[in-house]
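For reference, the structure is listed below as structure tokens.
The values are calculated or read from the model by the stated rules, or taken from the named source; none is laboratory data. Quick caveat, the model's predicted, so the values are computed rather than measured. Here Cβ is always computed from backbone atoms with ideal geometry, including for glycine, and neighbour counts include all displayed protein chains. Accessible surface areas use protein heavy atoms only, side chains included; no ligands, DNA or RNA. Shrake-Rupley method; radii C 1.70, N 1.55, O 1.52, S 1.80 Å.
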Amino acid sequence: MDFKRKKGQASGLPASQTKKLRGDWDDDAPSQFEEELAFMDEVEAEMAMELSEGQLSADVLPVGKLISDNIPPKWLRPPVSLTDPKEQTLCFQQVELDHYVGSHVSGMLGATQGPVPIIRMFGITEEGNSVCCHIHGFAPYFYVPCHTGFKQEDLSDFKKELNSAVIKDMRSNKDSISQAVLAVDVCHKENMYGYHGKKIIPFMKITMALPRLIAPAKRLLEQGLRFGRHPTHCYQAYEANIDFEIRFMVDNDIVGCNWIELPAGKYRLRKESQDEGPSKENPSKVSLAQIEVDISWADLISHPAEGDWQKIAPLRVLSFDIECAGRKGVFPEPDKDPVIQIANMVLRQGEKDAFIRNVFTLGTCSSIVGSQVLCFDREDALLKAWADFVRTIDPDIITGYNIQNFDMPYLINRAQTLKVPNFPFLGRIRSMKSVIRDSSFQSKQMGRRENKVINTEGRVQFDLLQVLLRDYKLRSYTLNAVSFHFLQEQKEDVQHSIITDLQNGNEQTRRRLAVYCLKDAYLPLRLMEKLMCVINYMEMARVTGVPLSYLLSRGQQIKVVSQLLRQAMKQDLVMPVVKSEGGEDYTGATVIEPLKGYYDVPIATLDFSSLYPSIMMAHNLCYTTLLQSGSIDKYGLSPEDFIKTPTGDCFVKASIRKGLLPEILENLLCARKRAKTELKKETDPFKQKVLDGRQLALKVSANSVYGFTGAQVGKLPCLEISQSVTGFGRQMIEKTKQLVESKYTLDNGYKADAKVIYGDTDSVMCKLGVQTVGETMEIGREAAEWVSSHFTPPIKLEFEKVYFPYLLINKKRYAGLYFSSSANTHDKMDCKGIETVRRDNCPLVANLINTCLQKILIDRDPMGAVEHAKDVISDLLCNRIDISQLVITKELTRTADEYAGKQAHVELAER
DNA sequence: TGGACATCCTAA
DNA sequence: TAAGTTAGGATGTCCA
């Protein structure tokens, strides 16, 4: 290798001496982070005896030009013990899958002519070996209903006609496909949209040669196809819009990140390419995975994530960060500004610390205890070595902070500028160049989001910034702010503006930069651990059945589609393709008109738990139970067979047909209950985390089913369902208010007339007229139980908490002291919708309002709040504004914004 | 100056 | 080609 290695040694210079050696830039003691790094070395030294990993093995010798030959042993994966595929089964946890178009491999299932789709699965064995599995013979398909008068003997004519239509439709046919339609079979299915008297009708299952042929075939059939003696007929397509990977997973009971077993004798091991070249019989390895195999789709076994199969393989997680030497005041540009450092941390999932810690530097750099320092004279050598490093350590998950939109594209563009050979091959497929694509992703939920996408086949990019943007609402998303928020820890203190100066200094100043860079690679790992990202995302993938990477690259709908298809398949129900067009919005939830004011009495809060899912379950609301106009007469249904919802839509009862959606929801909520019980019993903290991640994923999934039916620009909108759900919800909150106010009265022997002072969607706030929190809790519990009895199970009203005191400012704006675990002490001060929780105010306003609320609610000193507000303002404006009211508005916000706003902008501009 | 409308962000 | 829902407050902008 063309670089010098400087290994930081645990027995190196004591901290006090290192300090003296440093340049002018460094006037502070070694940071806590440096001590942490050093400590990791010590821990490792102790464990060194036990480490079995890291010995060079014959199975992972260098691969052509993509990997250099002088490899630190630690970087390698453990040696492969699999030698005899006839005798040994191969089990691995799949973490990523995709498909490609290749040619038939003899001995495998599937078409023997022309291009064929091949599913490619990447995963890790329990021993930590990487696996690439080519799965053969699975072909894409969709359905159309047979038209009336269709006979079995028409099939071959139909197939021929469709085949030639599809081929004629192709603009070019460079693969010279002659068999676009592989098969047409009649099968009996039912449309899941609407109740049709449970009538199974004949459908044609049309199997195509390639996934990309589905769309034209569907289009041609919709436009109308004529064949044989039949007149032209327009067909409606079913399940023609399902991603090929999802189709494969659903059909084979595979869920994201589950374990796959390849039985002995059923799979074939690929070898490194030999001189005689690849043969059809035995294709050679195309990936960098240690184990590469071929199998027919029908031979693999998928294990549901239960019992022992809940385990997680020792995935390798790489976190990295780069530094560029930008020009003063200009954002670095890859065609001008060099990459000067790349810091890397590699962790085995489940372990506490990274086992590889290093930093690639341009120019010399003093040693850092706890980290390897790899120095390079030339930038192109640095980049080449880094790409080699990535391919060698072979990560399953790549993380970092904003790597997707900054670090990765920058490296690729920079390498291109410098013409670094073989740089942009960062995935597991040797021939696949990693390229940058722009993608814009738009949804009502997240607005328009422009992103860069870089393909790294077989490795999941798990950009922590993207995770945080999706899952957390934060004031600031800088790595510094986020680290402080979750870890109470900060970045190493290096101003962006001095990075270039540090680089141009000496090996000590570059060392300081390296420590900073290392910390930026380290923090994302810490955050992932703290927020349990890998575990939670894996559980979400397992619960919803989609690949891990979909969770970050796709929206909410795909998760519901995946579950819906799985449930539908069991009952021979098929999903229609609907053209989505935005229409009229429907009515949502009721917000009870608040009786605004300051309440110095306990207020009980009663909530319907999982309101929308329980409504759908209680009333059997589903696509499959929906009665479209005329259906009641058509199927001779009597009034006791169906219900009419508050919006006038009709659905058959479960006694006639049990809906898919209620079934899905029951499964999710039952599984959640199970996970929670298991969680209570579990003592192993790691398994606890897994279970907690699971119960959360189950809850979130249940709640997104309603949103799916209401998504008008979606895969299968059904406004009858969603508006019925909100309709029931509106009725229920009204009824709850009435019930509470009618029972808890003086006339009925209670201490006072109860009053519902506010309520939103699924909750009511009740003034019960008793003076203590304890009494309020007692009556609240009783009331919740009594009200519940008026509704169909599993609908349940629960007592949740008492607010005392309670400040009700407006709809969706209130604050109060929150009592739930104890009647004596409050758990927290709860603020909803107020400036303190909004991110469109400067922190000054949030803090001011927060302090005011504390004074009012905790100190019970409203005048103190006014005084405080006055003080703050006079600090700012020398008393020019007269505040006579408690409610602070516009004037202050705007003034404070001007004051603090600039700072906020600087922060935002950082990345 | 006030109303219509857009934008942002939250509650649920 | 892909995108969960509506309600609603606070504020900002435009225009008669």
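Summary table
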{"item": "Residue count, segment A:791-801 (criterion: open to solvent by 70 Å² or more (accessible area, probe 1.4 Å) and more than 15 Å from DNA strand B (Cβ to nearest atom))", "result": "1"}
{"item": "Residue within segment A:455-465 that is within 16 Å of DNA strand B (Cβ to nearest atom) and under 13 Å from A:LEU531 (Cα atoms) present", "result": "no"}
{"item": "Filtered residues of segment A:324-353 (kept if under 28 Å from the mean Cα position of the chain (by Cα) and open to solvent by less than 10 Å² (accessible area, probe 1.4 Å))", "result": "A:ILE342, A:ALA343, A:ASN344, A:MET345, A:VAL346"}
{"item": "Those residues of segment A:635-681 which are open to solvent by less than 70 Å² (accessible area, probe 1.4 Å), within 22 Å of A:GLY307 (Cβ to Cβ) and of a type in the set (Lys, Arg), in sequence order", "result": "A:ARG672"}
{"item": "Filtered residues of segment A:822-845 (kept if within 16 Å of DNA strand C (Cβ to nearest atom), of a type outside the set (Lys, Arg) and closer than 20 Å to A:LEU808 by Cβ)", "result": "A:CYS831, A:GLY833, A:ILE834, A:GLU835, A:THR836, A:VAL837"}
{"item": "Qualifying residue in segment A:795-804 (condition: assigned to a loop (DSSP other than H, G, I, E, B) and either away from DNA strand C (no atom under 12 Å from the Cβ) or not charged (D, E, K, R) (or both))", "result": "yes"}
{"item": "Tally, over segment A:708-726, of residues that are among the polar types (S, T, N, Q) and more than 7 Å from DNA strand C (Cβ to nearest atom)", "result": "3"}
{"item": "Condition met for A:LEU817 (touching an Asp or Glu at 6+ places or on another chain (Cβ under 9 Å), of a type in the set (A, V, I, L, M, F, W, C) and not assigned by TED's automatic domain parsing to the domain that holds A:VAL756)", "result": "no"}
{"item": "Conditions (1) more than 27 Å from A:LEU564 (Cα to Cα); (2) within 13 Å of DNA strand B (Cβ to nearest atom): number failed by A:VAL601", "result": "(2)"}
{"item": "Total residues in segment A:428-450, condition of a type in the set (Ser, Thr, Tyr) and at pLDDT 95 or above", "result": "1"}
{"item": "Residue that is surrounded by the most Cβ atoms within 10 Å (Cβ to Cβ), among those in segment A:578-634 that are charged (D, E, K, R) and either under 31 Å from the mean Cα position of the chain (by Cα) or outside the structural domain of A:ALA783 (by TED's automatic domain parsing) (or both)", "result": "A:ASP607"}
{"item": "The one condition in (1) near DNA strand C (Cβ under 9 Å from one of its atoms); (2) over 26 Å from A:ASP762 (Cβ atoms) that A:ASP572 fails to fulfil", "result": "(1)"}
{"item": "A:ARG268 being open to solvent by 10 Å² or more (accessible area, probe 1.4 Å), of a type outside the set (Val, Ile, Thr) and free of Cβ contacts under 8 Å to residues at least 24 places away in the same chain", "result": "no"}
{"item": "Subset of segment A:186-235 [among the polar types (S, T, N, Q), more than 18 Å from A:VAL561 (Cβ to Cβ) and under 33 Å from the mean Cα position of the chain (by Cα)]", "result": "A:THR207"}
{"item": "Check on A:THR364, in contact (Cβ under 8 Å) with a residue 12 or more places away in the chain, hydroxyl-bearing (Ser, Thr, Tyr) and part of a loop (DSSP other than H, G, I, E, B)", "result": "yes"}
{"item": "Members of segment A:802-855 that are open to solvent by 50 Å² or more (accessible area, probe 1.4 Å) and out of contact with any strand residue (DSSP E or B) (no Cβ under 9 Å at 6 or more places or on another chain)", "result": "A:ASN810, A:SER821, A:ASN824, A:ARG838, A:ARG839, A:ASP840, A:PRO843, A:LEU844, A:ASN847, A:LYS855"}
{"item": "Qualifying residue in segment A:731-754 (condition: open to solvent by 10 Å² or more (accessible area, probe 1.4 Å), at negative phi, within 35 Å of the chain's Cα centre (by Cα) and away from DNA strand B (no atom under 14 Å from the Cβ))", "result": "yes"}
{"item": "Checklist (1) hydrophobic (A, V, I, L, M, F, W, C); (2) closer than 30 Å to A:THR417 by Cα; (3) not in a strand (DSSP E or B) applied to A:ILE312, failing item", "result": "(2)"}
{"item": "Per-region count, segment A:208-226, residues buried (at least 17 other Cβ atoms within 10 Å of the Cβ) and under 22 Å from A:HIS188 (Cα atoms)", "result": "6"}
{"item": "Test result for A:LEU853, under 36 Å from the mean Cα position of the chain (by Cα), within 16 Å of DNA strand C (Cβ to nearest atom), over 23 Å from A:ALA754 (Cα atoms) and aliphatic (A, V, I, L, M)", "result": "yes"}
{"item": "Scope segment A:236-265; condition under 32 Å from the mean Cα position of the chain (by Cα), among the hydrophobic types (A, V, I, L, M, F, W, C) and within 15 Å of A:PHE92 (Cβ to Cβ); matching residues", "result": "A:ILE254, A:VAL255, A:CYS257, A:TRP259, A:ILE260, A:LEU262"}
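Each row is one residue, and each column tells you yes or no for (1) within 16 Å of DNA strand B (Cβ to nearest atom); (2) at pLDDT below 95; (3) surrounded by fewer than 18 Cβ atoms within 10 Å (Cβ to Cβ); (4) within 18 Å of the chain's Cα centre (by Cα).
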site: A:ALA415; (1), (2), (3), (4): no, no, no, no
site: A:LYS452; (1), (2), (3), (4): no, yes, yes, yes
site: A:ARG470; (1), (2), (3), (4): yes, yes, yes, yes
site: A:LEU479; (1), (2), (3), (4): no, yes, no, no
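Yes/no matrix, rows are residues, columns are (1) at pLDDT 95 or above; (2) under 16 Å from A:PRO85 (Cα atoms):
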| position | (1), (2) |
| --- | --- |
| A:GLU261 | yes, yes |
| A:GLN274 | no, no |
| A:PRO278 | no, no |
| A:ALA289 | yes, no |
| A:GLU306 | no, no |
| A:TRP309 | yes, no |
| A:PRO314 | yes, no |
| A:GLU323 | yes, no |
| A:VAL330 | no, no |
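Residues are listed down the side, and each one gets a yes or a no for (1) closer than 19 Å to A:ILE603 by Cβ; (2) part of a helix (DSSP H, G or I); (3) in contact (Cβ under 8 Å) with a residue 40 or more places away in the chain; (4) within 13 Å of DNA strand B (Cβ to nearest atom):
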residue: A:ALA823; (1), (2), (3), (4): yes, no, yes, no
residue: A:ASP830; (1), (2), (3), (4): yes, no, no, yes
residue: A:THR836; (1), (2), (3), (4): no, yes, no, yes
residue: A:ASP840; (1), (2), (3), (4): no, no, no, yes
residue: A:VAL845; (1), (2), (3), (4): no, yes, yes, yes
residue: A:THR851; (1), (2), (3), (4): no, yes, no, no
residue: A:GLN854; (1), (2), (3), (4): yes, yes, no, no
